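S.K.: One structure, as structure tokens, below. Some questions next.
Bear in mind these aren't lab numbers, they're just calculated from the coordinates by the rules spelled out. Values in this document were obtained by computation on a predicted structure and should not be read as measured data. Virtual Cβ from ideal backbone geometry, glycine too; neighbours counted across all protein chains shown.
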Ligand code: PMV
């Protein structure tokens, strides 16, 4: 396969936030995840003519500045590790599907850093695969893009529901079912009045997924009950979203936070944000994602949005400039 030409191609993919169902979704469950208006941007350039084509990556967010590796070394890898892992894994997956011999230069920049837990890896995967397809003039359906992306993610980390990738590929607010037949239902709205507050600490998703797995192995029945309750909350939360019933959604978010706390993934910093937001009048507040750090989200009445943001900032909270999209 040959690139269409040697012109650079620019693509982007959104970050994400978990609204409900994190951790439960890992156990063949469901969740609600939303794309946000902060994006990862990527420029890709394919070049032909070299006997030993190279992959070159400049990605300041993960500390890569002109990192270069022969394409053949990427393709021969059994394990993908380090800051280049997700891009290299995508290149290998894409090559398995659509063999090519070109050098590839990739540069990324993002509205959000890799430390906020906003899904920089899944956005990187979606952008790399979509960008490669664009360079080679291949039209990938969202379903195929998602499948290839999941393969690329699983080559790097065995765990992971793929929900964050669904948000990056499909956009909008996504109801995601992590079992066959996989279901991705999107709700296009820019209405959800969420405030996103950074806890000040970066969390390692994989270690928290493993921690919950260990708890599940030790206490299968109570942990299964927690997961079942989370799945009921996801189902009710989707109905609340469809109906635009924010007070109901807020209550469900509060319950999900309590269950995440029960799974041991809450932290004093996250809990402090959650209680502060509730005290200031949020309809609901919870940690978002695997826990251990990253961000908390607060759902607020649309009329209260600006005042709540100011009140949280006045308390010294790190409110991010991010909207649901
Ligand atoms: O920490 P985040 O934002 O990457 O979210 C992880 C969510 C989990 O459900 C715990 C894991 C997953 O793969 O869905």
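S.K.: Work the Kirkwood hydrodynamic radius out for the chain: mean of 1/r over every pair of different alpha-carbon atoms, inverted, in Å.
M.R.: About 20.2 Å, per the Kirkwood formula over Cα pairs.
S.K.: Treat the count of other C-beta atoms within 10 Å as a stand-in for reagent exposure and order 318, 261 from fewest to most.
M.R.: 318, 261
S.K.: Of 1, 253, how do they rank once you tally other Cβ atoms within 10 Å and put the fewest first?
M.R.: On the way: 1 15, 253 29.
Ordered by Cβ neighbours within 10 Å, fewest first: 1, 253.
S.K.: Neighbour counts of other C-beta atoms within 10 Å: give me 322, 138, 32, 106 arranged from fewest to most.
M.R.: On the way: 322 21, 138 16, 32 30, 106 24.
Ranked by crowding around the Cβ, least crowded first: 138, 322, 106, 32.
S.K.: While we're here: Against the globular-protein guess of 2.2 N^0.38 Å, express the Cα radius of gyration of the stretch 30-137 as a ratio, rounded to two decimals.
M.R.: Working: Rg = 14.0 Å, N = 108, 2.2 N^0.38 = 13.0 Å.
The value comes to 1.07.
S.K.: Let me understand the stretch 259-325 better: what is its radius of gyration from the alpha carbons, and its Dmax, in angstrom?
M.R.: 11.7, 34
S.K.: With only alpha-carbon atoms counted, please give the Rg and Dmax of the stretch 28-69, in Å.
M.R.: 16.7, 47
S.K.: Let's test the formula: R0 of 45 Å, r as the Cβ-Cβ distance of residue 48 and residue 115. What FRET efficiency results, to the nearest 0.05?
M.R.: So, using R0 = 45 Å, E works out to roughly 0.75.
S.K.: Still on this structure: When every alpha-carbon pair in the stretch 176-325 is counted, what percent end up more than 23 Å apart? Could the numbers behind the result be given before it?
M.R.: Working: 4338 of 11175 pairs.
For the stretch 176-325, the fraction of Cα-Cα distances above 23 Å is 39 percent.
S.K.: Pairs of Cα atoms under 8 Å, at least six residues apart: use those to get the relative contact order of the stretch 173-325, whole percent.
M.R.: 35
S.K.: Something else now. Once you keep just the Cα pairs under 8 angstrom separated by 6 or more residues, what percentage relative contact order results for the stretch 122-213?
M.R.: Worked out over the stretch 122-213, it gives 22 percent.
S.K.: Taking 0.36 nm per residue of separation and subtracting the Cα-Cα distance, what length does fully extending residue 210 through residue 188 add? Show your work: numbers first, answer last.
M.R.: Numbers: separation 22, 0.36 × 22 = 7.92 nm, distance 3.28 nm.
Contour length minus the Cα-Cα distance gives 4.6 nm.
S.K.: Between residue 321 and residue 76, with labels modelled 7 Å along Cα→Cβ, what's the label distance in nm to one decimal, could you check?
M.R.: Distance between the two pseudo-spin positions: 4.7 nm.
S.K.: Shifting gears a bit: Which one, 309, 77, 202, has the greatest fluctuation when you compute a Gaussian network model over the chain with C-alpha springs under 10 angstrom?
M.R.: Of 309, 77, 202, the most mobile in the Gaussian network model is 77.
S.K.: What percent does the relative contact order of the chain come to when contacts are Cα pairs within less than 8 Å and at least six residues apart?
M.R.: 23
S.K.: Could I ask something else about it? How big is the gap, in Å, between the Cα center of the stretch 21-47 and the Cα center of the stretch 104-130?
M.R.: 10
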